[in-house]
Every structure is written in structure tokens, then in C-alpha cells.
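Okay, so here's the structure we're looking at.
Read-outs: derived from the displayed coordinates by stated rules, not from any lab. Keep in mind the model is a prediction, meaning the values are calculated, not measured. Here Cβ is always computed from backbone atoms with ideal geometry, including for glycine, and neighbour counts include all displayed protein chains.
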Amino acid sequence: MPQFELVDFEAHSSFRCMRRRANDFKEDHSLHFHPQFELTWIVRSSGLRFVGDSIEDYQANDLVLCGPDLPHCWQNNLLHSEDVAEWFTIQFDGQLLPAIMEKMAEFKAIAKMLRNATCGLQFAPVPEHIYTHLLAIEQATGFEKYSLLINLLNTLSRLSARTLATPDFFHDNDVSQTSINTLNKVHLYLHKHYGQEIQQSDVAELVGMTPSAFSRFYKSATGRTFSSMVKLIRINEAGKMLSGTSFPVTLIANECGYQHSSHFVNHFKEMKGMKPTEYRSLDLGQ
């Protein structure tokens, strides 16, 4: 069953842009889904691409846009295990774009492309300048990074693209829309209440399940326990506060739902590999 992925944006950006390398995609890229759009560029490697119910061979420079909640992954050919696979992804919420873009002449092509991405889009042929544009987004910061992304989406919306998954996929696959809606409801609640005490029994009641049924469902759908996801969200939010504010660590701990600073510091070090003060110093030094 595909796993839910929690996509968390950095403190200074409203979307996530990252490059990853691995000998085996399965180590860090199993079949998964999330509420964000995802543009994936395979820099190096070849193998099989899974998008919804589409299974196809892929080669280097494969470029695919997946819509929200669409299961996807790439599995590289391990016959040449000395070759390192490399991929580049941009993940963004639909809210990154104007809410009325359907009615704006400048955004109509982008809006149509995002609608079509519900079942995944593969762009081909891809002009070389698209890959140069992706590298520019990786290096940029602030408003320049955002404007480069909008320009990229505008350019992609005018390229030839074909749909990957069949229209019936969401009616027939294991990731039911009910399950997706339940997960999105849970994570919306967690992002709204991470600074308060969170009881698993309350969240189970929120989605109409018994605590034990909810525990099994959540672990099956996300690959994590509920408590570990609460911790992940709290520490990620703390990292944003450390980077974006001068608030004392004790205040940030409290704002993120920790009553004891020592408990917060231990969790932060466990997940980030350093103390909160070290994390802040590292960020300020960049």
C-alpha cells in the first residue's frame, strides 16, 4: 500500500525544492502520496516509473508532474549498482498560485495543466533550457525563487505532455478517497493544534474511529506511529521558529507543545542531529 508522505516546507520558502542521490531509489523513494503537487526530474538513472496505475520504463531526464494524492515512485535499474541514481523534485501546494487563476488569462494555461496533473503528466520532448531553469530554481532564494517557479510552470503548460494514470484509477486503487480525506483531516488538525496537548483518542473521535482502529489505520497509511508524526510536526515547526525568529528556545518549546525544555531539546537533537541553539547558529551563519 502506498505510504503517506508529510511534506514540510522550509522556514524561508513556500515550496520545497530538493535534490537527492541513492544507489537504490527504494531506500528513499518507495511508493507514496501527499496533498502537494510534485514535479520530478530524473537527473540520472533508468528503470521503472510508477504513477497511479501507469507502469513504464524511464530514462535520464524523465520529467513528470504528479497531482495531489496520486501515488508515485521511480525504481532504478540495479543491474549497474555502481551507478548512483539522482533525482530533483519541487513540491508545492495549490494555494501557492492565485485562488482565482481559472479566471485570469495569464494563469489559464497553468490552471489547465494542474487539472490534468491529477493523473500525472509526462513532458516530452523537453527543451534543454527547462533543465537549466530547474537548476536556477535550486540556487535562487526569496522572491526570485518563487518567480522562477511560476515562470517554469508557465513554460511547462505550453509543452507537449501526456497523461499517465487512467481516469478510473482513483475509483479502483487501494488509496481510497475516504482514506485520503481522513489523513488530510488529521494533519490539518495537527498543524492547527501542535502547540497544545494532543490526545490520540481525541483525533480518533474526530475521524470517527476507535483509538485502536485509528492506530492501525494511521500506521498502515503513513508508515509511522501517530505519536512520531506529532513529534515530527512539532520539531519541524520549531525549526522554522528558530530560523525565522529571535524567540528564546524555552518560548519556542512551549509554543510547539512542550512543557519541559529538556524534553524539547532531546527530541530536537534526536530528529535534527543537533541542539536547537546549534541549529539556529548554523542557519544564521548561512
- Please check which bits of region 116-157 a label hung off Arg19 would reach, taking the label as a point 7 Å along Cα-to-C-beta and the cut-off as backbone N under 14 Å. 131-140
- Work out how much length Ala140 to Leu251 would gain on full extension: take 0.36 nm times their residue separation and subtract the Cα-Cα distance, in nm to one decimal. 36.8 nm
- CD proxy, 222 nm, the chain: helix-only mean residue ellipticity via -39,500 (n - 2.57) per DSSP H run with n ≥ 4, per residue, nearest 500, stands at -13000 deg cm²/dmol
- Message: Below 8 Å, C-alpha to C-alpha, sequence gap of six or more: please give me the relative contact order for region 137-246 in percent.
- Response: 16 percent
- Query: Put a dot 7 Å past each Cα toward the Cβ at Asp93 and Lys219; how far apart are the dots in nm?
  - Reply: 3.1 nm
- Task: Using +1 at the Cβ of each Lys and Arg and -1 at the Cβ of each Asp and Glu in region 3-163, identify which of Leu134, Gln3, Asn23 lies farthest towards the dipole's positive end.
- Result: Leu134
- Message: Please give the charge dipole size of the chain, origin at the Cα centre, charges +1 on K and R Cβ atoms and -1 on D and E Cβ atoms. Round to the nearest 20 debye.
- Response: 500 debye
- Among the lysines, which have Cα under 27 Å from the Cα of Lys185 when same-chain residues fewer than 8 positions away are ignored? Lys112, Lys219, Lys231, Lys240, Lys272
- Query: Helix 226-244 versus the longest principal axis of the chain: what is the Cα-based angle in degrees, 0 to 90, to the nearest 10?
  - Reply: 90 degrees
- Message: Show me, for region 18-23, the HN-Hα J-couplings you get by feeding each phi into the Karplus relation (A = 6.51, B = -1.76, C = 1.60, θ = phi - 60°), rounded to Hz, glycine and proline as x.
- Response: 8, 10, 9, 9, 6, 6
- Message: Quick check: the distance between the Cα centres of region 214-286 and region 56-71, to the nearest angstrom?
- Response: 31 Å
- Message: Using a Gaussian network model on the chain with a 10 Å cutoff between Cα atoms, which of Ser201, Ser246, Ser160 fluctuates the most?
- Response: Ser246
- Go ahead and set up a Gaussian network model of the chain, Cα springs under 10 Å, then flag whichever of Gln199, Gln75, Gln91 fluctuates most. Gln199
